[in-house]
Amino acid sequence: MTSTPARPRDVLRQSEAEERAARVRNARYDLSLHLERGAERYRGEITASFDLDGGGPVFLDYTGKEIHELEVNGQRVDAPDWTGHRLTLAAELLQPSNVVRVAYENEYDHDGDGFHQFVDPEDGEEYLYTNFEPYSAHRLFPCFDQPDIKASYRLAVTAPADWTLIANSLEERSGPAGEGLVRREFAETAPFSTYLFALIAGAYEAFREQHGDIPLGFYCRKSLARYVDTDELFEVTRQGLDFYSEFFNYPYPFQKYDQAFVPEFNAGAMENVAAVTHYERMVFRDPPTETQRLGRAEVILHEMAHMWFGDLVTMRWWNDLWLNESFATYMAYLALDRATRFDSSWQAFNSGMKNWAYRQDQLVTTHPIAGEVEDTDQTFQNFDGITYGKGASVLKQLVHAIGIDAFREGMRRYFERYAFGNTTLADFMQTLDEGTGRDLQRWSQLWLETPSLNTLAAEWEQDGPRVSGFTLRQTAPEDYPTLRPHRTQIAVVHEEAGGGLRIESIGADIDGAEAEVPEAVGRPAPAFVFPNHDDHAFVKVALDDASLEFVRERLQDIDDPLLRQLTWQSLWNMVRDQQLRSTDYLELAGPKAATERDLELVETILATMSSSIARYVPEHQKEAAAHRFFELAWRALNEVEGADLKIIWARTLIGVALTPDDIRHCGRLADGELGVEGLTVDQDMRWEIAARFSGYALGGARERIAAEAERDPSDRGQRAQRRIEASWPDPDVKAAAWERFTGEGYGSLHMTASAMNGFHWWVQRELTRPYAGRFFEEVTAIFDSRPNEFCSTYFGALFPDHLVEESTLTRSRALLDSLGDRLPLLRRSLREANDDLERALKCRAFAAS
């Protein structure tokens, strides 16, 4: 038996992957796992078959605890060459065709990656699931863990007889395997990449349907089963399968389609072949709004799109990750729009994905959509707004330019040509290029291979009441001067006699610094112009003075909700770019938000108002601004009609309660002393109110926490309690919590993250100020020794960004300078945090000027 030796960092470089892919072919894995209830470890045996070209050794990726046996082509290896991450097979043992058998043992994971184990505190039931993207399949079994060595898989699992097992293929047979155990064998799969392998096991409740010849399943924990709204889940699933099969002219390519809601999940979802895993918050324990339902449908359709783009056809290496994620994102919103009842999908795309992309693309860490990714650690960093949101936005613009029919035909050629294979950006663009008659290579270079974004502005002249000249102008940031081609629609808004508004839409192209728009000449002079109507272009829009004045007075009168939203987006960019004071924005936005009835828009406006108070209002004005917002929210909560609007305003009310009196007001609402007709204070709201009572040490806080813990004994309740425990404003509590963050933690990563998220409170900024110094002293060691997910969680929760001060920025810059080329994930995190902090300081100074 060989135990884990001391390990170097677990990372695979692109050069190593390319060299290995050039040699390894026809991979196949036979995997047998032994799982026992309540155990800390599991056992496995893998038989890997593969052909090998050329001489020299080759390595399997494997991170585990022990190797019990290793055989290479029938020859036993008593002293495996194993670093703890890599199992190297000696050249003298290898042949053109090889069979490698490894018997091993490993511990379950508790950080949401690898083979994660969870025990439900409500009923004691055990749940397991895998999560491997980009580079964690080798935490379950030894393999060639890279996307372009596709393999077929046969899986057999011995597990408790009462457990449900979900894998990538259908179960073929089962039989008893000892007291209380059953061995289940699954059909051999089609070839796919290792990161898409899945096993989900435990006391999952199953919901099943059949759609044509495709077996469908949804699964969740027993304690959540009563909340699963299967009608809508299956409806969206059926609609998506039909839409994609027709659009791609390629039937669903796998044996069945299962979706499981799993606990303590790190991402929103994961596109494992035929066994998708979803974050459990998509099982609504509290009444959801329509926007939450739309968001869940988008995730379902996003992962389903991956069954074709990502699973059937996969990028060769992680530098083309965007091919997976951008495509799935765009297709999900297209499917929402064309195949489901959700008719505000493109509005949701703008407020969610596109806003994420705009923010990411203006950070100092902006990068091309398609770029170089040297290793799997860099891949982890690129699951960001550029890869998802900007890439999807650019695809949306491309479809607008070439037409939906040309795009669909290109996709059909793509899947027919590359099914069950791997591709690159060049393959994708060549397939689209065929038959379009456009220079997509130039388009690709300008849009996919250069970073940052452009700004569009409209200028016009008038002769009397008519437009005599109309020009579009394009600019770029000084550091990223690329000007790009845009095909856009210009919204031209006219004020009619009687006060009504009329919107014209004029098509225009710009491919340089400026472009004339002759179609606008001779028309009546506009009151408002917006040069990205329908949101096809990925640009910031600069409002001219006349349009800005119109917006201040009449934005609420525009009857196109997407155009209203785009205009709000421009106003918010003006705040972030120090062209509109944060305090002026709050005065403008508050009354308009209170009369807005579009759900997506209300959420968007309220989110930017909350962010403005949190980051961009000067410190000495923050408490008063928050209280004014609180009073506005309370009035709106009592005036709006409809359950969804009341939920949105109630969440905002609680979120902006920064004064003790406002928090007590929320407490009376939760306790029933204050009533709002049509509103039920749900459990998430109750926990947030309890957390604020704790953070401010208000009277009755401990009794309130105990009451909520009794009301909600679930894992959600436990996470809320961990957060609240760390929030109490006591030096000893803070010291003990900090030691646990950097020590043994709170069990799982998700429990630890909850406690971390309770540590910093604005009202406690002087109490926790010493921990800003400790963060900068200790964070390097954390990133040097902990997994990426832990590091990102630690940084996101504990970086002292609540101290919007020059001293914080100075300390952070000094740490960044000291790193040199070390720890790229920490360097990127610091650069982005510094960028945000510098912007906040500038916005506060501008607002105070």
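No value in this document is a laboratory result; all are computed from the given coordinates. Treat the numbers as computed from the prediction; the structure is a model and nothing was measured. Neighbour counts run over all protein chains shown; Cβ positions are idealised from the backbone, glycine included.
Using the reciprocal of the averaged 1/r over all distinct C-alpha pairs, how large is the Kirkwood radius of the chain in Å? About 28.9 Å for the chain. Couplings for segment 639-649, taken from phi via the Karplus curve 6.51 cos²θ - 1.76 cosθ + 1.60 with θ = phi - 60°, read 9, 6, 10, x, 4, 5, 4, 5, 4, 4, 5 Hz in order; Gly and Pro are left as x.
Amide H contacts of ASP81 (H built 1.01 Å from N, in plane; Pro and chain starts excluded): THR88 sit under 5 Å, all sequence-distant by 5 or more or on other chains.
The 3J(HN,Hα) values that the Karplus relation (6.51, -1.76, 1.60; θ = phi - 60°) gives for segment 196-208 are, in residue order, 9, 5, 8, 9, 10, 9, x, 8, 6, 7, 10, 10, 10 Hz. Gly and Pro appear as x. Of the residues THR277, ASN319, THR289, the one whose Cα sits farthest towards the positive end of the charge dipole of segment 276-383 is THR289 (charges of +1 on Lys and Arg Cβ, -1 on Asp and Glu Cβ, taken about the Cα centre). When the listed pairs LYS150/LYS396; LYS622/LYS734; LYS646/LYS734; LYS540/LYS622 are checked against a 32 Å cut-off, the alpha-carbon distance exceeds it for LYS646/LYS734. Shown in residue order for segment 568-573 are the 3J(HN,Hα) couplings computed by the Karplus curve 6.51 cos²θ - 1.76 cosθ + 1.60 at θ = phi - 60°: 4, 4, 5, 4, 5, 4 Hz (x for Gly and Pro).
FRET efficiency for the GLU66 to ARG238 pair, using the beta carbon distance and R₀ = 45 Å, is estimated at 0.50. Residues whose amide H falls under 5 Å from that of ASN454, counting only those 5 or more places apart or on a different chain, are LYS540, with hydrogens built in the peptide plane.
Between segment 338-390 and segment 76-108, the C-alpha centres lie 39 angstrom from each other.
Taking label points 7 Å from Cα along the Cα-to-Cβ direction, GLU838 and GLU105 give a separation of 5.3 nm. Extension gain, ASP598 to PHE207: 0.36 nm times the residue separation minus the Cα-Cα distance gives 137.4 nm.
Segment 669-705 and segment 808-849 have Cα centres lying 36 Å from one another.
If only the Cβ of Lys and Arg carry +1 and only the Cβ of Asp and Glu carry -1, the dipole of the chain around its Cα centre is close to 700 debye. Label 7 Å along Cα→Cβ of ASP671; segment 708-736 residues with amide nitrogen under 19 Å? Those under the cut-off are 708-712. Taking only the alpha carbons of segment 684-802, we obtain Rg and Dmax values of 14.1, 42 Å in that order.
About its Cα centre, how strong a charge dipole does segment 54-157 have in debye, to the nearest 20, once Lys and Arg get +1 and Asp and Glu get -1 at the Cβ? Before the final figure, lay out the partial values.
Details: 7 positive and 20 negative charges, 157 e Å.
Dipole about the Cα centre, nearest 20: 760 debye.
The angle between the Cα long axis of helix 806-819 and the main principal axis of the chain comes to about 30°, on a 0 to 90 degree scale. Measuring nothing but how far apart in sequence close Cα pairs (under 8 Å, 6+ apart) lie, relative to its length, the chain scores a relative contact order of 8 percent.
Apply 1/(1 + (r/R0)^6) to the Cβ-Cβ distance of ASP286 and GLN579, taking R0 = 51 Å, and write down the FRET efficiency to the nearest 0.05.
0.85
What percent does the relative contact order of segment 356-474 come to when contacts are Cα pairs within less than 8 Å and at least six residues apart? Relative CO of segment 356-474 lands at 29 percent. The order of the peptides 731-739, 503-511 by mean Cβ neighbours within 10 Å, most packed first, is 503-511, 731-739. Computed over the chain, the per-residue total of -39500 (n - 2.57) for DSSP H runs of n ≥ 4 gives a 222 nm mean residue ellipticity of -13000 deg cm²/dmol, rounded to 500.
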